[in-house]
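Novice: What follows is a structure written as structure tokens; I'll ask about it next.
The values are calculated or read from the model by the stated rules, or taken from the named source; none is laboratory data. None of the values given here were measured: they were computed from a predicted structure. Here the Cβ positions follow ideal geometry from the backbone for every residue, glycine too, while neighbour counts run over all protein chains shown.
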Amino acid sequence: MEPARSLILQAIENGKHIVTANKAVISRYGSEIFDAANKKGVYVMLEAAVGGGIPVIQPLKQSLGANRIQTVTGIINGTTNYILTRMKNEGADFSEVLADAQRLGYAEADPTADIDGLDAGDKIAILASLAFGGRIKLEQVYCEGIRKVTATDITYAEKLGFVIKLLAIASRSPQATPDQDLLSVRVHPTLVTLSHPLASINDVYNAILVEGEPIGQVMFFGRGAGSGPTASAVVSDILNIVAVLQMQEAEVVNPIIPHEMMNCTHQHYCKIAPMEDLVTRFYTRFLTKDSPGVIGKLGTCFGQHHVSIESIVQTGFHENLAEIVVVTHDVLEGNFNQALSEIKGFDEIDSIPSILRVL
Ligand SMILES: NC(=O)C1=CN([C@@H]2O[C@H](COP(=O)(O)OP(=O)(O)OC[C@H]3O[C@@H](n4cnc5c(N)ncnc54)[C@H](OP(=O)(O)O)[C@@H]3O)[C@@H](O)[C@H]2O)C=CC1
Ligand SMILES: N[C@@H](CC=O)C(=O)O
Ligand code: NA
């Protein structure tokens, strides 16, 4: 909290724009910081503060600006999601997994903030403020962490078709009236049905599901913690600020210069590799005469063209024709095509009804 708050306020006082990843400071001192920034005419950019590398602050501020948001539901703490995932998948011990999360750079300096839901509380306060267009008093955000979640609960939940996730939720309360908006903002472990889009968000990954009118549902997904993702968000914020500064400087000479991050500045064409150079797996279904050795012939031909086969099976018969399915490893598309054109000439081949790429 300190000296971060004082440094930010001092920098603003000196007319500097701010880029920060520090959600604890923003959620507590946001009012003071944004008031000071507005007074000085500087920006406070905080993309890294919520969801690490996931772009969610800018989309909420800009791309979704036309919507009336109803609900923001997120898995927004990487450490606890990592712990819950490993407890569920491996029956891993809580404190061992926490030590791993610390080693990997996911946890806060004091991991209590992660475990007790306080970090997610800071983040949902920031998201709620953006989504619902008002400031949030952090002490009014209900925070319950994952300390009480046991292996037994995880197993029972699984049997019932749920997974336990630490969810942060901000929604319009049903008690809201047309004259008086009312929000519910909370963090707590939650049983999530397996078919829900947030159920499959595992490990250090975060996701934020935004529901609004007229967009419906939109979900942001990516790595929520760790040095790389966080740096991605911090440096992108810096680039945005640089674009603003360049625009301000250039405006003196040319008053109609647009914001560099919003207009199109690319003038060259990108080089696109031909499909022949693509490296991919293939699924191919052949209909062949049911003669001995046909599978061997296919395998040999593919091998001669450096096409390595993952599986080759005869799946059945179609009107006296044998149906053979080949799945390759990653191969060069050009090599695969050469093998295939040779195979098409084999007497045994009746047809090749499907050729599909495999991810
Ligand atoms: N780690 C993550 O995944 C994410 C982190 N964040 C946020 O980013 C911020 C940094 O987190 P993270 O990098 O993980 O933390 P670390 O503990 O790894 O790094 C903190 C850095 O701050 C420096 N520092 C601490 N106190 C002072 C001080 N009084 N004066 C000057 N420098 C100081 C430390 O210096 P020294 O090494 O010399 O002690 C260290 O370099 C936090 O606000 C965190 O909440 C946000 C998103 C994701
Ligand atoms: N400790 C945080 C880091 C990113 O904000 C987390 O685990 O999500
Ligand atoms: Na982010």
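Novice: Which one of 41, 30, 52 is touching a residue at least 60 places away in the same chain (Cβ under 8 Å) and at positive phi?
Specialist: Every option except 52 fails the conditions.
Yes or no, residue by residue, for (1) over 30 Å from residue 83 (Cβ atoms); (2) modelled with pLDDT under 95; (3) not in a strand (DSSP E or B):
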{"site": "201", "(1), (2), (3)": "no, no, yes"}
{"site": "210", "(1), (2), (3)": "no, no, no"}
{"site": "276", "(1), (2), (3)": "yes, no, yes"}
{"site": "302", "(1), (2), (3)": "yes, no, yes"}
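Novice: Taking the residues in the range 30-67 that are within 14 Å of ligand 2 (Cβ to nearest atom) and part of a helix (DSSP H, G or I) as candidates, determine which candidate is surrounded by the fewest Cβ atoms within 10 Å (Cβ to Cβ).
Specialist: So the residue we want is 57.
Table: residues versus (1) of a type in the set (A, V, I, L, M); (2) more than 16 Å from ligand 1 (Cβ to nearest atom).
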position: 209; (1), (2): yes, yes
position: 215; (1), (2): yes, yes
position: 224; (1), (2): no, no
position: 233; (1), (2): yes, no
position: 241; (1), (2): yes, yes
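Novice: When the range 100-130 is examined, which residues are found to be within 16 Å of ligand 3 (Cβ to nearest atom) and hydrophobic (A, V, I, L, M, F, W, C)?
Specialist: 120, 124, 125, 126, 127, 128, 130
Novice: Also, I was wondering about something else. Hey, among 342, 348, which residue is more than 25 Å from residue 273 (Cβ to Cβ), modelled with pLDDT of 95 or more, over 33 Å from the mean Cα position of the chain (by Cα) and in the same structural domain as residue 301 (by the TED database)?
Specialist: After applying the criteria, what remains is 348.
Novice: Of the conditions (1) within 30 Å of residue 84 (Cβ to Cβ); (2) of a type in the set (A, V, I, L, M, F, W, C); (3) not in a strand (DSSP E or B), residue 243 satisfies every one except a single condition; which number is it?
Specialist: For residue 243, the failing item is (1).
Novice: Same structure, new question: If residue 91 passes every condition in (1) away from ligand 2 (no atom under 11 Å from the Cβ); (2) within 19 Å of residue 122 (Cβ to Cβ) but one, which one does it miss?
Specialist: It fails just one condition, (2).
Novice: From the set of residues in the range 8-25 that are among the hydrophobic types (A, V, I, L, M, F, W, C) and not in a helix (DSSP H, G or I), which is nearest to ligand 1 (Cβ to nearest atom)? Steps first, please.
Specialist: Step one: of the range 8-25, the residues among the hydrophobic types (A, V, I, L, M, F, W, C) are 8-9, 11-12, 18-19, 21, 24-25.
Among the residues that remain, those that are also not in a helix (DSSP H, G or I) are: 18-19, 21.
Details: 18: 13, 19: 11, 21: 4 Å.
Filtering first and then ranking leaves 21.
Novice: Look at residue 233 and say whether it is surrounded by 17 or more Cβ atoms within 10 Å (Cβ to Cβ), within 16 Å of ligand 2 (Cβ to nearest atom) and not assigned by the TED database to the domain that holds residue 145.
Specialist: Numbers: surrounded by 17 or more Cβ atoms within 10 Å (Cβ to Cβ): yes; within 16 Å of ligand 2 (Cβ to nearest atom): yes; not assigned by the TED database to the domain that holds residue 145: yes.
So residue 233 fits the description; yes.
Novice: List pairs: first residue in the range 330-342 and under 15 Å from residue 300 (Cβ atoms), second residue surrounded by fewer than 16 Cβ atoms within 10 Å (Cβ to Cβ) anywhere in the structure, Cβ distance under 7 angstrom, at least six positions apart or on different chains.
Specialist: 335/306
Novice: Here are some conditions: (1) in a strand (DSSP E or B); (2) farther than 20 Å from residue 172 by Cβ. Residue 70 meets all but one. Which one does it not meet?
Specialist: Of the numbered conditions (1) in a strand (DSSP E or B); (2) farther than 20 Å from residue 172 by Cβ, the odd one out for residue 70 is (2).
Novice: May I pose another question? For the range 135-148, what are the residues that are touching a residue at least 24 places away in the same chain (Cβ under 8 Å) and under 13 Å from residue 184 (Cα atoms)? Break it down into steps so the answer makes sense when it comes.
Specialist: To start, the set of residues in the range 135-148 that are touching a residue at least 24 places away in the same chain (Cβ under 8 Å) comprises 135-136, 138, 140-148.
If the condition is that a residue be touching a residue at least 24 places away in the same chain (Cβ under 8 Å) and under 13 Å from residue 184 (Cα atoms), then 136, 138, 140, 141, 142, 143 are the ones that fit.
Novice: Can I ask one more? When you scan the range 73-81, do you find a residue that is surrounded by 17 or more Cβ atoms within 10 Å (Cβ to Cβ) and away from ligand 2 (no atom under 14 Å from the Cβ), even just one?
Specialist: yes
Novice: A further question on this structure: Among the residues of the range 76-87, are any touching a helix residue (DSSP H, G or I) at 6+ places or on another chain (Cβ under 7 Å), among the aromatic types (Phe, Trp, Tyr), more than 16 Å from ligand 3 (Cβ to nearest atom) and not assigned by the TED database to the domain that holds residue 27? Show your work before the answer.
Specialist: Of the residues in the range 76-87, the ones touching a helix residue (DSSP H, G or I) at 6+ places or on another chain (Cβ under 7 Å) are 76-77, 79-80, 82-83, 86-87.
Pick out the ones that are also among the aromatic types (Phe, Trp, Tyr) and you get 82.
Filter once more, so that each one left must be more than 16 Å from ligand 3 (Cβ to nearest atom): 82.
When the remaining residues are screened for being not assigned by the TED database to the domain that holds residue 27, the result is 82.
For the range 76-87, residues touching a helix residue (DSSP H, G or I) at 6+ places or on another chain (Cβ under 7 Å), among the aromatic types (Phe, Trp, Tyr), more than 16 Å from ligand 3 (Cβ to nearest atom) and not assigned by the TED database to the domain that holds residue 27: present.
Novice: Follow-up. With respect to residue 131, determine if the residue is in a helix (DSSP H, G or I), under 21 Å from the mean Cα position of the chain (by Cα) and more than 16 Å from ligand 2 (Cβ to nearest atom).
Specialist: yes
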